[in-house]
1. Looking at Lys289, Lys229, which is the one that is within 23 Å of Pro176 (Cα to Cα) and either free of Cβ contacts under 8 Å to residues at least 12 places away in the same chain or under 15 Å from the mean Cα position of the chain (by Cα) (or both)?
2. Within the stretch 75-115, count every residue that is over 19 Å from Ile288 (Cα atoms), over 23 Å from the mean Cα position of the chain (by Cα), among the hydrophobic types (A, V, I, L, M, F, W, C) and surrounded by fewer than 20 Cβ atoms within 10 Å (Cβ to Cβ).
3. Is there a residue being hydroxyl-bearing (Ser, Thr, Tyr) and assigned to a strand (DSSP E or B) anywhere in the stretch 220-229?
4. Pick out the one residue from Ala141, Ala148, Ala179, Ala172 that is closer than 22 Å to Arg304 by Cα and either out of contact with any Ser or Thr (no Cβ under 7 Å at 6 or more places or on another chain) or charged (D, E, K, R) (or both).
5. Would it be correct to say that Gln250 is surrounded by fewer than 18 Cβ atoms within 10 Å (Cβ to Cβ) and either of a type outside the set (Lys, Arg) or closer than 30 Å to Arg133 by Cβ (or both)?
6. Restricting the search to the stretch 270-282, which residues are crowded, with 21+ Cβ neighbours inside 10 Å and touching a strand residue (DSSP E or B) at 6+ places or on another chain (Cβ under 9 Å)?
Amino acid sequence: MNDSSWGATPRSGHWETPAGGPGDGSAGFAQDALDAAQTRRMPPEPSPEPVPPVKKSAGRNLRAAIGVGVGMGAVIAASLFIVKAAFVGVVALAVVVGLWELTSRLAEKKAIHVPLVPLAVGGVGMVVAGYARGAEGAWVAMALTSLAILVWRMTEPPENYLRDVTAGVFAAFYVPFLATFVSMMLAAEDGPWRVLVFLLLTVISDTGAYAVGWRFGRRLLAPRISPGKTRAGLFGAIAFAMTAGALSMQYLIDGGTWWQGLVLGLVAAVSATLGDLGESMIKRDLGIKDMGTLLPGHGGIMDRLDSLLPTAPVVWLLLVIFVGTG
């Protein structure tokens, strides 16, 4: 240890006590009195204000989201139960807008140029063919759309031809072909009720996942894909969807039973979650948060179709198994 820390300093070969130290008691007492007087005159330091607890936020404009959701629900209900065929037009419009959003983001972020015209025309054709001719018509329309994409892309230079047409065929399957199962549900005699059950299960599944995950979610479901999805949210989605499925099959579908609704709700919740995660993978690869900005509080059309599209064939198939084609 350095001896100077004790208050003495060596000088000219002998030790000398510094001024104000033990060798000069008056100066030391005067300095102590001065320090005490300054301390009394200094105002007390204000105590730090308590930090308010951080409130959880949904990350969206909930008021706008609710307003848009109610408006969309009104349009869907009116077209579904007033003029049955008009709902096919609603589905076709959603498909075209969704394809536009998807192909625009692919071009912006990955320089993948998918021919939109044959894709959009073929997508509308798929939805109409599914309603008019069932699964056979949908598959034929899908094949013709894929062929049209390959031919249309030939009018441009051959560089990246394989990449562009592969993305085009993927887009044709992902958006219009999966949406075709909604129009196939609608074609049944009780089609509007089948579509309503499909929409209710998907929306209630998403609502249950949000409500339970926001309140109780701690452990992430797939952190590398979607940091907002929790395991508690998945259980909430399943519980809500199974309850809604049991009630819907018992009271809305002729010939349906509550236990069929439990199965339907379980499978719908899982497929909706997988669909949401699937689009999250696409958006992470593209480096974007939303596919579009058309719907305030929701993002784009594709951000609303992500869970609906993969759930449509699942619900269609289970309804056919449980109560027939209608």
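The values are calculated or read from the model by the stated rules, or taken from the named source; none is laboratory data. Quick caveat: nothing in here was measured; it's all calculated off a predicted structure. No Cβ is skipped: glycine too gets one built from the backbone with ideal geometry, and neighbour counts run over all protein chains shown.
1. Values: Lys229 fails: within 23 Å of Pro176 (Cα to Cα).
Sole residue among the options that is within 23 Å of Pro176 (Cα to Cα) and either free of Cβ contacts under 8 Å to residues at least 12 places away in the same chain or under 15 Å from the mean Cα position of the chain (by Cα) (or both): Lys289.
2. Final tally of qualifying residues: 8.
3. Restricting attention to the stretch 220-229, the residues satisfying the condition of being hydroxyl-bearing (Ser, Thr, Tyr) are 226.
This time we only want the ones that are assigned to a strand (DSSP E or B), so: 226.
Looking through the stretch 220-229, at least one residue is hydroxyl-bearing (Ser, Thr, Tyr) and assigned to a strand (DSSP E or B).
4. Ala179
5. Details: surrounded by fewer than 18 Cβ atoms within 10 Å (Cβ to Cβ): yes; either of a type outside the set (Lys, Arg) or closer than 30 Å to Arg133 by Cβ (or both): yes.
Answer is yes for this residue.
6. Scanning the stretch 270-282 gives Thr273, Asp276.
Table: residues versus (1) of a type in the set (Val, Ile, Thr); (2) under 18 Å from Asp190 (Cα atoms); (3) modelled with pLDDT of 95 or more; (4) surrounded by fewer than 21 Cβ atoms within 10 Å (Cβ to Cβ).
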position	(1), (2), (3), (4)
Gly261	no, yes, yes, no
Gly265	no, no, yes, no
Asp290	no, no, no, yes
Leu294	no, no, no, yes
His298	no, no, no, yes
Asp306	no, no, no, no
Pro313	no, yes, yes, yes
Trp316	no, yes, yes, no
